[in-house]
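The structure appears right after this line, and notes come after that.
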Amino acid sequence: MRAVHFGAGNIGRGFIGSLLAASGYEVVFVDVNEQIVRLLKERGAYRVIVAGERREEQWVRGVSALNSQTEREHVMEAIAAADLVTTAVGPHILPAIAPVIAAGLERRFTVHQQPLHVIACENMIGGTEALKTHVFAHLSAAGQQLADEHVGFLNCAVDRIVPNQTSDDPLAVTVEPFFEWAIETRNVIGAVPPIQGAHFVADLGPYIERKLFTVNTGHALAAYLGYQKQYETVQEAMKDSDIRTSVEQALGESGAVLVKKHGWNEEEHRSYIETTIGRFTNPSLSDDIVRVARSPIRKLGPNDRLIAPAVQYYTLFDSVPSGLVKGIAALLRFDEPSDAEAAALQQTIEQHGIEGALRQYAGLEHDHPLVVAVKEEYAQMKQMDSR
Ligand SMILES: NC(=O)c1ccc[n+]([C@@H]2O[C@H](COP(=O)([O-])OP(=O)(O)OC[C@H]3O[C@@H](n4cnc5c(N)ncnc54)[C@H](O)[C@@H]3O)[C@@H](O)[C@H]2O)c1
Ligand SMILES: O=P(O)(O)OC[C@@H](O)[C@@H](O)[C@H](O)[C@H](O)CO
């Protein structure tokens, strides 16, 4: 079995590539990072360090790599010969990889019409669906018809905390022990792709929302509140009792939405939250706040980890979720110079105020009770800072 995986970064090497290799796939990574591509080609293997109570080292073997910018023809050939195409590049990169995926599919259809599955492993609702739309924009009419018949685009939810790496070995990747990969079967063509440890579900909705609105919501609170207190890592921030209480409060609110909306068992969900918080405090990991807080404009989106559960909470319970509001206000104060979206967000706030930013990025009108509450919280945070 052959898999082509776009994005040989943290989650690409640390989770998707390693699980696919363990499932018997020959994995071809596609990336733009020349050093990573060269080393993967030279070594054909890399180390994954699982950082739990004990440190466990696993070797991932039988891998190779291609540069999507300089080896386009080879990438197309690899897609033509693949059983599976996966991605973990970041939602904003999906449009950039769509043309070569479309060209690879056109090449494939001239040779054979075996089923292919495509799975985008990004932190977003409908990630693979979004990739499909980008790919279809680059396919001919005949290519679109063949893709409809022979290519299964499967949405998924992917969960494993993989921090930025600090090892001397650029290929080695340290990960947490926990992992979960839920893949929707709705668009499967023929049999589900054999992936060890993946969880196939008929309806991804409850799973992606549970993951995004618990793990990523809590992570966002820890990161944005932690940034304000000048902590460097999520682990440090979680030792601050005020921050931990806010994380727990926000997860209680998003949890109430998830339990009511999807019928998750309340006890089981409470234990899912506890497990999640335990993961944030894993002393064997050191996860940069700036990584977790990255791309605040994306994270302020109407379907993303803060606004979606906050709006749904307000709609379901007719009350403002003050924990989530704290997270949104702290996000608006994330003025990290190394993050391009943070700079753009600060500029929007300067020109159009909090209301303008919430209207533009979160789709909330100025008289929405959440906007009123976020403005109050933001002003309070600013006042505390100036003391
Ligand atoms: N790290 C985690 O804990 C984690 C967990 C679950 C999901 N995710 C999701 O996985 C995705 C990737 O996150 P990450 O943390 O691995 O980021 P990362 O920056 O470590 O990896 C992204 C990789 O994509 C590569 N890339 C960029 N442009 C490319 C292009 N045009 N073609 C091919 N490769 C390209 C980069 O060079 C990099 O190696 C994001 O959507 C993220 O939300 C991350
Ligand atoms: O990748 P992002 O930017 O959407 O979110 C940052 C982190 O919350 C995220 O990468 C988590 O570590 C991951 O989603 C855990 O499964």
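Values quoted throughout were computed directly from the atomic coordinates according to the rules given, and no laboratory measurement underlies them. Worth saying up front: this structure is predicted, and the values here are computed from it rather than measured. For neighbour counting, all protein chains shown are included, and Cβ atoms are generated from backbone atoms with ideal geometry for every residue, glycine included.
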Q: Take the Cα pairs of the chain, get the Kirkwood Rh, then feed it into Stokes-Einstein at 20 °C and 1.002 mPa s and tell me D in µm²/s.
A: 99
Q | Cα-based shape type of the range 266-387, given that a ≥ b ≥ c are square roots of the gyration tensor eigenvalues and the cut on a/c is 1.5 | A | oblate
**Q.** Too-long pairs where the Cα-Cα distance tops 30 Å, listed order kept, from 239/382; 41/239; 261/326; 229/299
**A.** 41/239
(Q) Can you classify the range 244-313 as rounded, prolate or oblate using the Cα gyration tensor, where a ≥ b ≥ c are the square roots of its eigenvalues, rounded means a/c under 1.5, and otherwise it's prolate if a/b beats b/c and oblate if not? (A) oblate
Q) Given Cα pairs under 8 Å that are at least 6 residues apart, what percent is the relative contact order of the chain? A) 13
Q | Rh by Kirkwood over Cα pairs, then Stokes-Einstein D for the range 318-374 at 0.890 mPa s and 25 °C, µm²/s | A | 210
Q: Report, in deg cm²/dmol and to the nearest 500, the calculated mean residue ellipticity at 222 nm for the chain, where each DSSP H run with n ≥ 4 adds -39500 (n - 2.57) and the sum is divided by the residue count.
A: -15000 deg cm²/dmol
**Q.** Spin-label pair residue 169/residue 291, simplified geometry with 7 Å Cα→Cβ offset, distance in nm
**A.** 1.7
Q. How far is helix 322-332 tilted, in degrees, relative to the longest principal axis of the Cα atoms in the chain, given as a value from 0 to 90 rounded to the nearest 10?
A. 70
Q | trypsin sites (Lys or Arg not before Pro) restricted to DSSP loop in the range 188-268 with at most 16 other C-beta within 10 Å | A | 229, 239
Q: Would you work out which of 19, 380, 125 lies farthest towards the positive end of the dipole of the chain? Charges go on Cβ: Lys and Arg +1, Asp and Glu -1.
A: 19
Q. Can you give the % of DSSP beta bridges in the chain that are antiparallel, to the nearest 5?
A. 30
Q) Comparing 202, 330, 310, which has the greatest mean-square fluctuation in the GNM of the chain with Cα pairs linked when under 10 Å apart? A) 202
Q | Restricting the range 304-363 to GluC sites (Glu not before Pro) in coil, as DSSP defines it, with at most 14 other Cβ within 10 Å | A | none
(Q) If the reach is capped at under 19 angstrom between alpha carbons, list the aspartates and glutamates near residue 375, excluding any in the same chain fewer than eight residues apart. (A) 318, 335, 350, 355, 365, 367, 385
